[in-house]
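Working notes, structure below.
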Amino acid sequence: ARGGLDQARYPWGDELTPRGRWRCNIWQGDFPTVNTAEDGHVGTAPVDAYRPNAYGLHNVVGNVWEWVADRFTASRPATPAVDPRGPETGGRRVMRGGSYLCHDSYCNRYRVAARTANTPDSSSGNCGFRCAADA
């Protein structure tokens, strides 16, 4: 997700809006009453609405929460550095990246390192997934 930027807060660097430009689809304005939609999007944005990261991936943060295969644990036990999977059992799965409903006043989860959890049977308009395959 970092696009090759080690220790960066966001996939494009450490500034949320470099040069005043939005790089992800999150709540802009006063949450939850006024979304100014400075980037032109009130709900979900088209996949190519923002510049990709250095690996060519679009919308790595913001837009919709991204379901991942990992099971969730709050304790984050020691795991392999490459492709950690979380615990072998558990009812909740990891979601990453935040959504268009995230704002730093309450949901600072559109950072690269952030994650949350939900049950696999839940759904909403701000949750989705990324189709991917080994190249």
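When the test is whether a residue is more than 24 Å from ASP6 (Cβ to Cβ), touching a strand residue (DSSP E or B) at 6+ places or on another chain (Cβ under 8 Å), crowded, with 19+ Cβ neighbours inside 10 Å and aromatic (Phe, Trp, Tyr), PHE129 does not pass it. Counting only residues that are touching a residue at least 40 places away in the same chain (Cβ under 8 Å) and over 18 Å from SER123 (Cβ atoms), which one in segment 59-73 is surrounded by the fewest Cβ atoms within 10 Å (Cβ to Cβ)? Of everything passing the filter in segment 59-73, VAL60 is surrounded by the fewest Cβ atoms within 10 Å (Cβ to Cβ).
Could you list, in sequence order, all residues of segment 23-52 that are small (Gly, Ala, Ser) and either touching a Leu at 6+ places or on another chain (Cβ under 9 Å) or assigned to a loop (DSSP other than H, G, I, E, B) (or both)?
ALA37, GLY40, GLY43, ALA45, ALA49
When you scan segment 74-93, do you find a residue that is modelled with pLDDT of 90 or more and of a type in the set (A, V, I, L, M), even just one? No: zero hits. Can you pull out every residue in segment 94-124 that is among the charged types (D, E, K, R), at pLDDT 90 or above and out of contact with any Asp or Glu (no Cβ under 7 Å at 6 or more places or on another chain)? Residue satisfying the conditions is ASP121 alone.
The values are calculated or read from the model by the stated rules, or taken from the named source; none is laboratory data. As the structure is a prediction and not an experimental result, all values here were calculated from the model. Methodologically, a virtual Cβ is constructed for each residue, glycine included, from the backbone with ideal geometry; neighbour enumeration extends over all protein chains shown.
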